[in-house]
Structures are given as structure tokens and as C-alpha cells.
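Notes to accompany the following structure.
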Amino acid sequence: MIFVAILLLIAGFVALVKGADVFVDGAAALAGKFGIPQLVIGLTIVAMGTSLPEAAVSITAGIKGNAGITVGNIVGSNILNILIILGVTALITNVAIQKTTFKYEIPYMLLITAVLLVMGMTGNEITFIEGVILWILFIAYLLYLYFLAKKGNDSGDEQSVKLYPVWKCLLFIVLGGVCVVIGSQLVVNGATTIARACGMSERFIGLTIVSIGTSLPELVTSIVAARKNEVDMALGNAIGSNIFNILMVLGIASAISPISIITENIIDLCVLIVFTICAWIFAGTKKKIGRAEGLCMVALYAAYAVYIIVR
């Protein structure tokens with residue numbers, strides 16, 4: 001059994017790395033083909049594609065009537081996106097922060113997190129009406145991206161990426177996304193089997209392996225993007241995934257079944273807001289997130305991981 005689990009783990013990592021490689025190539029080529037800024041591609045196609053594991057877990061939980069696990073899954077993934085994805089990317093290369101990111105995207109991410117916190121504190125659940133509100137905020141976000149993409153087209157900036165036919169770009173994005181999602185599932189299943197065989201508790205597995213596993217697509221895709229000098233795409237991936245998780249995934253899940261908010265969820269949302277403010281401050285100091293800030297963000301996540309294990 002352990003031997004099979006190890007094989008699953010290896011196969012999963014191979015699928016993750018190769019899938020992310022193809023996914024980033026397709027997304028970057030699509031951006032270059034239409035003159036769309038890499039940041040916009042990261043905020044949309046890449047962010048939504050790599051958020052599929054979180055979406056699948058949360059929506060399935062809603063269908064099965066287990067919507068209580070939804071918020072924990074989303075908030076935990078968003079904290080990891082902010083600290084680990086941005087932190088690790090910054091350790092690989094300096095993450096330059098564009099004006100739109102500092103002035104609009106990060107503040108919007110803070111705003112919707114605060115809205116979610118208020119929804120949770122007022123009624124201890126996210127109702128159907130509140131889910132509709134989240135969807136309205138998501139539509140507003142898509143309109144913003146439309147104007148951002150239009151501005152990018154008008155500027156006519158050239159991008160130094162391989163240009164493929166549109167059909168090939170879309171094929172790369174779909175195949176890469178499928179490989180990334182399948183790879184993440186293989187890694188989670190393999191690691192969980194090994195952890196259980198080693199006597200680790202179910203709670204420890206849920207708080208570490210599974211939560212990190214559903215964020216592996218974002219992490220691997222961002223690392224690959226950073227190594228290919230597509231830093232804007234890596235940054236957009238992290239921010240876009242967080243916005244997508246809160247607005248679209250919770251919007252759909254709450255439409256299926258009201259989502260319960262427990263005390264631990266409120267605490268985690270407060271922690272997410274604090275960590276997002278920290279990232280915002282780091283981004284504003286030198287208009288970039290450097291290696292020192294990246295190391296600090298990874299250290300903050302390590303401290304948070306210790307907290308969720310011992311609490």
C-alpha cells in the first residue's frame with residue numbers, strides 16, 4: 001500500500017510540474033497574442049484554473065450538505081496563497097508590484113475579506129442573499145478586469161513570449177490545468193496514505209497535507225511562472241485565486257446550502273486580513289516584494305501552521 005502511495009506521490013508531482021509548465025506557456029502566449037497584460041491573465045485564467053481543487057471541494061461539500069467545511073477550506077487556502085505563494089515567489093525573484101495591484105487589487109481583496117467577516121459575525125452563516133451579494137461583487141471584479149485588459153490592448157505593449165495559434169494556447173491551458181488538478185489530487189491521496197501509515201492523526205492530516213494539497217496548483221504554477229520571468233502572472237495568480245475563492249466559490253456554495261461560520265472561521269478571517277495587510281505594506285515599501293520580505297512571509301505561515309496544529 002505504501003509503495004503504491006509513493007508511486008502516486010511521484011506521479012502527482014510530475015503531473016503538477018509538467019502541467020504547470022504547459023499551463024503557463026499557454027496562458028502567457030494567449031496574453032501575448034491579444035496584447036493582454038500578463039497580470040490580467042494571472043488574475044483570470046490562471047487564477048480560476050488553479051483554484052479548481054478548492055472549488056471542487058467547497059461546492060461538493062455544499063451539495064452533500066456539509067457546507068460547514070467550506071469556509072475553513074477557502075480561508076486556509078487564501079492564507080497560504082498570500083504567505084507561501086507570494087513568499088516563495090519572492091525568494092526566487094523580486095516581485096515587482098504594479099500600481100494597479102497596490103491601489104486596486106490588494107485593497108479589493110481586503111474589502112471582500114472584510115465583507116465575508118461581517119457576514120459571518122452577523123448571522124453565523126452565509127445565506128443565499130449574501131451569496132448573491134458575493135456574486136455581484138464578483139461581476140464588478142470582472143468588469144474591472146475587462147477595462148484593465150482593454151487598457152492593456154490600447155497600450156500595444158509587446159511581450160517576449162512564444163506566440164502559438166489561439167487554439168493551441170487554449171489547448172495548452174486546458175491540458176495543463178487538467179494535469180495540475182489531477183496531479184494535486186494524486187499528491188494529496190498519496191501523502192495522506194503515507195501519513196496514516198505512519199500513525200499521524202486525521203486532524204493533523206486535514207490541517208496540513210489536505211489544505212496544502214488543494215493549493216499545490218497555485219504554488220507550482222506561480223513557481224514555474226517566476227522561473228520563466230512571468231512574475232506578473234505569479235502575482236496575479238495568488239491575488240486572483242483569493243478573490244475567486246471568496247466571491248465565486250462561496251457564492252455558488254451558499255446558493256446550494258447556507259454556509260455555517262464557526263468561531264474558528266472568524267479567527268482565521270481576522271488572521272487572513274492581518275496577513276493581507278502585511279503583504280500590502282511589504283508591497284508598498286519599495287514597490288516590490290524582495291527576498292527578505294518573502295522569507296518573512298514564509299516564517300509567518302510557519303508560525304500560523306504551528307498555531308492551527310496546537311489550537
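The values are calculated or read from the model by the stated rules, or taken from the named source; none is laboratory data. Note that this is a predicted model, so its numbers are computed, not measured. Cβ placement follows ideal geometry from the backbone for every residue including glycine, while neighbour counts extend to all protein chains displayed. Ligands, DNA and RNA are stripped out before the accessible areas are found, and what is left, the full protein with its side chains, is counted by its heavy atoms. Shrake-Rupley method; radii C 1.70, N 1.55, O 1.52, S 1.80 Å.
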- Message: I'm trying to understand the selection: among the residues of the range 267-295, which are among the aromatic types (Phe, Trp, Tyr) and without any contact (Cβ under 8 Å) to a residue 60 or more places away in the chain?
- Response: 282
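Residue 215: more than 20 Å from the chain's Cα centre (by Cα), hydroxyl-bearing (Ser, Thr, Tyr) and at pLDDT below 80, yes or no? First the steps, then the outcome.
Numbers: more than 20 Å from the chain's Cα centre (by Cα): no; hydroxyl-bearing (Ser, Thr, Tyr): yes; at pLDDT below 80: yes.
So residue 215 fails the test.
So which residues in the range 112-132 are among the acidic types (Asp, Glu) and open to solvent by 40 Å² or more (accessible area, probe 1.4 Å), if there are any at all?
We begin by selecting, within the range 112-132, every residue among the acidic types (Asp, Glu); these are 125, 130.
Selection gives 125 alone.
I'd like to check something: does the range 103-111 contain any residue that is of a type in the set (Asp, Glu) and either open to solvent by 10 Å² or more (accessible area, probe 1.4 Å) or modelled with pLDDT of 75 or more (or both)? It would help to see each step written out before you state the result.
Pass one, the range 103-111, residues of a type in the set (Asp, Glu): 105.
Going one step further and asking which of them are either open to solvent by 10 Å² or more (accessible area, probe 1.4 Å) or modelled with pLDDT of 75 or more (or both), we end up with 105.
Yes, the range 103-111 contains a residue that is of a type in the set (Asp, Glu) and either open to solvent by 10 Å² or more (accessible area, probe 1.4 Å) or modelled with pLDDT of 75 or more (or both).
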- Task: Check whether at least one residue in the range 50-66 is within 28 Å of residue 283 (Cα to Cα), open to solvent by 20 Å² or more (accessible area, probe 1.4 Å), at pLDDT 70 or above and in a helix (DSSP H, G or I), and report yes or no.
- Result: no
- Query: residue 273 versus (1) open to solvent by less than 40 Å² (accessible area, probe 1.4 Å); (2) within 17 Å of residue 85 (Cβ to Cβ); (3) at pLDDT 80 or above: which is the lone unmet condition?
  - Reply: (2)
